[in-house]
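None of the figures in this text is laboratory data; all of them are computed from the coordinates on show. Treat the numbers as computed from the prediction; the structure is a model and nothing was measured. Positions of Cβ are backbone-derived with ideal geometry, glycine not excepted, and every protein chain shown enters the neighbour counts.
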Amino acid sequence: MNIPARIFVREGKLIIELPLTNPTGKIRVKRRDETSNYGIPIATRTQALTKDDYVEWQISYATQNPPDESKVEDIVINNNQIGFELTKLLYESIKLGIFSSDDVRELDEFINNVQSTETLEENEKIFRENNLHQIKGGFKRFIEKVPVYIKKNEEIGHFVEIILRHKQRAVGLQAMVYLCIYVEKIKDRDGNSLIGRTANHREFGSFEINLKNKEIIKDVVKAFAIASWQHKNDITNILEQIKRKCKL
Ligand code: ADE
């Protein structure tokens, strides 16, 4: 099951609402494990939320069947993919003046400067290192090394992760982009903190994008721009369409 994010403008504010009780979807609440440094999904209906918890969002920018809650109908890429999520965040931030023309220029320059030798899917590698250790039955121990890129912003309370994995039905690597926001920075429907209590049935947490935290959107755009050549081209295409629409 996947419960999508809701993205909308209310009273001039750009709001993201994220489901807190959907551990099998693209938006999950996780807790950083001290020893492994991994984020482990938590059962938010039974475990009280803490300052160590964050919402991990496998955010996208276009798809054939976007949910109504976050789509931008008239932005279309690759013939049949309709803009949503990141596309909507970009589009609305520009319309609301959260993003200035300088911000857009900065992103354009960043994306244009990404070289084909720098995109992660095309240039990264996952490998198995011989650990020179043998256990019973003739089995040798190998350690798999998988690159992970993380950009943290302590001040805003978010980080972006790019994880590489082998493609499921093809040769090559796939870079997955995750936007993670600390629960501490997310409010409930009454504007109160979620820390110290469990999530309610089908509860959503609310997060506002404004002038102070617009870096979040820039970080996700930059992550896609370096994730793969295809993502870089898609994001370029989306930005061009948004600029045209907003007369930038
Ligand atoms: N395709 C759609 N969403 C994606 C994501 N978050 N990372 C990588 N590829 C994607």
Within the chain, longest stretch free of exposed chymotrypsin sites (Phe, Trp or Tyr not before Pro) [DSSP loop, at most 13 other beta carbons within 10 Å]: 140-248
Gap in Å between the Cα centre of region 116-148 and the Cα centre of region 12-77? 29
Per the Kirkwood treatment, what hydrodynamic radius in Å, one decimal, follows for region 106-242 from the mean inverse distance over all distinct Cα pairs? 18.0
Other-chain or far-sequence residues with amide H under 5 Å of Arg45's (modelled H): Ala199
Distribution output for region 173-248: share of Cα-Cα pairs per 10 Å bin in percent, first bin at 0, values 15, 33, 29, 21, 2
Quick one: pull the percentage of alpha-carbon pairs in the chain with a separation above 31 Å. 28
Over all distinct alpha-carbon pairs, what is the Kirkwood Rh of region 1-99 in angstrom? 15.0
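In whole percent, what relative contact order does region 1-120 give with Cα contacts below 8 Å and a gap of six or more residues?
Taking the mean separation of contacting Cα pairs over the length of region 1-120, I get 19 percent.
Can you list the equivalent-ellipsoid semi-axes of region 79-174, largest first and in whole Å, using the square root of 5 times each Cα gyration tensor eigenvalue?
Details: eigenvalues 309, 57, 39 Å².
Semi-axes from the Cα gyration tensor: 39, 17, 14 Å.
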With loop defined by DSSP as not H, G, I, E or B, and exposure as at most 11 other Cβ atoms within 10 Å, which is the longest segment of the chain clear of exposed GluC sites (Glu not before Pro)? 35-153
